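To start, the structure itself, in structure tokens.
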Amino acid sequence: HIGESFTSRKRAKAILNPSNTQWGMSIKTIERLKSGDGQGVRFGVVVTLKELNGVNRIEDFIQQAELRGWLVNRLQVEAQVDLFNSLN
């Protein structure tokens with residue numbers, strides 16, 4: 001689990017490329033076993049966005065991700081927890 005905490009002292013980050021203000025994400029792999037052990041492993045990313053000015057940017061993020069060909073599935077966390085609890 002990786003995340004940033006939100007505090008009152010938090011400031012907006014500078015836009016790295018002003019001509020292209022799309023969202024970016026960098027995913028790193030670290031191999032601690034043999035070379036190539038992590039190849040072909042599927043993974044998922046959970047994104048929660050909260051802007052410092054209170055504007056909800058999740059719709060912008062989803063639209064831009066879909067335009068790049070990413071698969072986006074919206075999850076209702078409460079429904080997932082209820083389903084998990086009912087099955088156990």
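The values are calculated or read from the model by the stated rules, or taken from the named source; none is laboratory data. Model, not experiment: these values are computed from the prediction. Don't worry about glycine lacking a Cβ; one is built from the backbone with ideal geometry, like all the others, and counts go over all protein chains shown.
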Search result, residues across segment 70-88 that are under 24 Å from ARG42 (Cα atoms) and surrounded by 10 or more Cβ atoms within 10 Å (Cβ to Cβ): TRP70, VAL72, GLN80, VAL81, LEU83
Number of the exception - VAL41 against (1) in a helix (DSSP H, G or I); (2) more than 17 Å from the chain's Cα centre (by Cα): (1)
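Condition check: under 16 Å from the mean Cα position of the chain (by Cα), modelled with pLDDT under 80 and surrounded by 10 or more Cβ atoms within 10 Å (Cβ to Cβ). Does GLU66 satisfy that? Walk me through how you get there before you give the answer.
Working: under 16 Å from the mean Cα position of the chain (by Cα): yes; modelled with pLDDT under 80: no; surrounded by 10 or more Cβ atoms within 10 Å (Cβ to Cβ): yes.
No, not satisfied.
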Single unsatisfied condition, VAL45 versus (1) surrounded by 11 or more Cβ atoms within 10 Å (Cβ to Cβ); (2) in contact (Cβ under 8 Å) with a residue 12 or more places away in the chain: (1)
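Tally up the residues in segment 61-78 that are outside any loop (DSSP other than H, G, I, E, B) and over 16 Å from LYS13 (Cβ atoms), please. Let's see the steps before the verdict.
Let us first name the residues in segment 61-78 that are outside any loop (DSSP other than H, G, I, E, B), namely 61-67, 77-78.
From what's left, over 16 Å from LYS13 (Cβ atoms): 62-67, 77-78.
The number of residues fulfilling the criteria is 8.
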Conditions (1) modelled with pLDDT under 75; (2) surrounded by 10 or more Cβ atoms within 10 Å (Cβ to Cβ); number of the one not met by ARG11: (2)
